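The values are calculated or read from the model by the stated rules, or taken from the named source; none is laboratory data. Source: prediction; values computed, not measured. We place every Cβ from the backbone using ideal geometry, glycine too, and count neighbours over all the protein chains shown. These area figures cover heavy atoms from the full protein model, side chains too; ligands, DNA and RNA do not enter into them. Shrake-Rupley method; radii C 1.70, N 1.55, O 1.52, S 1.80 Å.
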Amino acid sequence: MIRSKTEEEIEILRQSSLLVGKTLAEVAALIKPGVSALELDKVAEEFIKDHGAEPAFLGFNGFPNSLCCSVNEQVVHGIPTSKALESGDIISVDCGVYMNGYYGDSAYTFEVGEVSSEIRKLLKVTRECLTLGIAQAISGNRVGDIGFAIQEHAEKNGYGVVRELVGHGLGTSLHEAPEVPNYGRRGRGTKLVEGMTLAIEPMINLVSREINQLDDGWTIITKDGKVSAHYEHDIVVRKGKAEMLSTFEYIEEVLSKKKEQV
Ligand code: MG
Ligand code: MG
């Protein structure tokens, strides 16, 4: 049984989701060659706590940090390390917060320094996949409509859609029903009802969809060693058009300012 959220609950969820966006913007300001994911993690943890929230990932099933930082061939669930980022890298930063009893969960893949056009295209298409998936998150549709839209756009561009990890419902738990796969068939799966809150998060690989897990028990990597991209938004299912809870606006403000400075 999937419970639609009340409008009061949705407002609390929005605050959690917005705090994630603001945290990712703090991270965005710091990302450059020479900086380590562990430094980003420290800043994010402090920022979240300073805003009266808890980092949702810290201690979640024993995860050791506040951010999941997945560099290049790492798909998701990367553990932040002290290794310096290099120009040409990409880093997916996934952040969760818990505030007033509700979770926010959003992710963005950042370019470090100068990234190849091949990888920039992967990022652009993955962002488009997210947008197309969100467009299907309307009442009367089914979960399969979201997955189909994402999969179709990714595969049309020759990319691999990760199957083993999926989006999810969001609320008083970080992961609630239903699962929201990034692949699927139109008209199949759980029916979407107004007020359902979902985290939609395409994980798209440059070539093959196949993945492995590192011995650390967390980090998911591509089997072929090629790069992977990941973006995630929190939304509410509504009639006709999904409502956004999370936002990339804070991140993009920071990124455009950084561009001006170059
Ligand atoms: Mg996430
Ligand atoms: Mg998630």
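Quick rundown of the values:
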{"quantity": "Members of the range 97-140 found to be at negative phi, small (Gly, Ala, Ser) and in contact with a strand residue (DSSP E or B) (Cβ under 9 Å, 6 or more places away or on another chain), listed by number", "calculated": "Gly104, Ser106, Ala107, Gly133, Ala137, Ser139"}
{"quantity": "Filter result for Glu54 (in contact with a strand residue (DSSP E or B) (Cβ under 7 Å, 6 or more places away or on another chain) and open to solvent by 10 Å² or more (accessible area, probe 1.4 Å))", "calculated": "yes"}
{"quantity": "Residues located in the range 135-148, provided they are buried (at least 22 other Cβ atoms within 10 Å of the Cβ) and either under 17 Å from the mean Cα position of the chain (by Cα) or in a strand (DSSP E or B) (or both)", "calculated": "Ala137, Ile146, Gly147"}
{"quantity": "Cβ-Cβ under 6 Å pairs, at least 6 apart or on other chains, the range 69-85 side at positive phi, far side open to solvent by less than 60 Å² (accessible area, probe 1.4 Å)", "calculated": "Asn72/Asp89; Asn72/Val227; His77/Cys68; His77/Trp218; His77/Thr219; His77/Ile220"}
{"quantity": "Count - residues of the range 193-228 that are part of a strand (DSSP E or B) and either in contact (Cβ under 8 Å) with a residue 40 or more places away in the chain or within 17 Å of the chain's Cα centre (by Cα) (or both)", "calculated": "12"}
{"quantity": "Any chance Arg209 is more than 16 Å from ligand 1 (Cβ to nearest atom), open to solvent by 70 Å² or more (accessible area, probe 1.4 Å) and in contact with a helix residue (DSSP H, G or I) (Cβ under 6 Å, 6 or more places away or on another chain)", "calculated": "no"}
{"quantity": "Ser256 vs. criteria surrounded by 13 or more Cβ atoms within 10 Å (Cβ to Cβ) and among the small types (Gly, Ala, Ser)", "calculated": "no"}
{"quantity": "Output for the range 165-180, where each listed residue is part of a loop (DSSP other than H, G, I, E, B) and more than 15 Å from ligand 1 (Cβ to nearest atom)", "calculated": "Thr172"}
{"quantity": "Where a residue in the range 102-120 is among the β-branched types (Val, Ile, Thr) and its partner, wherever it lies, is near ligand 2 (Cβ under 10 Å from one of its atoms) and assigned to a strand (DSSP E or B), with Cβ under 8 Å and at least six apart", "calculated": "Thr109/His230"}
{"quantity": "Enumeration of residues in the range 3-41 that are assigned to a helix (DSSP H, G or I) and among the polar types (S, T, N, Q)", "calculated": "Gln15, Ser16, Ser17, Thr23"}
{"quantity": "Flag for Gln74 being closer than 20 Å to Glu253 by Cα and either open to solvent by 20 Å² or more (accessible area, probe 1.4 Å) or away from ligand 1 (no atom under 16 Å from the Cβ) (or both)", "calculated": "no"}
{"quantity": "Residues within the range 158-176 that are near ligand 2 (Cβ under 9 Å from one of its atoms), open to solvent by 50 Å² or more (accessible area, probe 1.4 Å) and touching a residue at least 60 places away in the same chain (Cβ under 8 Å), tallied", "calculated": "0"}
